[in-house]
Amino acid sequence: MRSEWQVRPLIERGDLVRVLPGVPTPAADIYALVEDDGRVPRRVTELIGHLAARLPARLSQGA
């Protein structure tokens with residue numbers, strides 16, 4: 001099973017069709033991994049913060 005956010009464009013274009021709309025997609029966590037040596041570039045830290053703030057709302061949008 002694929003994440004809904006991965007296939008949403010295909011569903012919207014009609015390339016994929018929902019066959020079991022009542023079956024929920026299992027939840028999956030997303031992790032950002034960085035080395036724990038104190039040298040994480042600020043832009044990486046900023047990107048992780050940006051994604052953490054915005055992804056939940058984007059991923060919860062219905063197709």
Of every Cα-Cα pair in the chain, the percent that sits beyond 20 Å: 45
Using each residue's phi in the stretch 12-18, evaluate 6.51 cos²θ - 1.76 cosθ + 1.60 at θ = phi - 60° and report the 3J(HN,Hα) Karplus result to the nearest Hz, with x for Gly and Pro. 5, 7, x, 6, 10, 10, 5
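Peptides 33-39, 5-11: what's the order by average Cβ count within 10 Å, highest mean first?
Put in order of decreasing packing, that is 5-11, 33-39.
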Rounding to the nearest 10 and keeping the result within 0 to 90°, find how far the Cα-based axis of helix 42-60 lies from the longest principal axis of the chain. 20
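Every read-out reported here was derived from the displayed coordinates using simple, explicitly stated rules and does not represent laboratory data. Please read these numbers as outputs of a predicted model, since none were measured by experiment. Cβ atoms come from the backbone with ideal geometry, glycine included; neighbour counts cover every protein chain shown.
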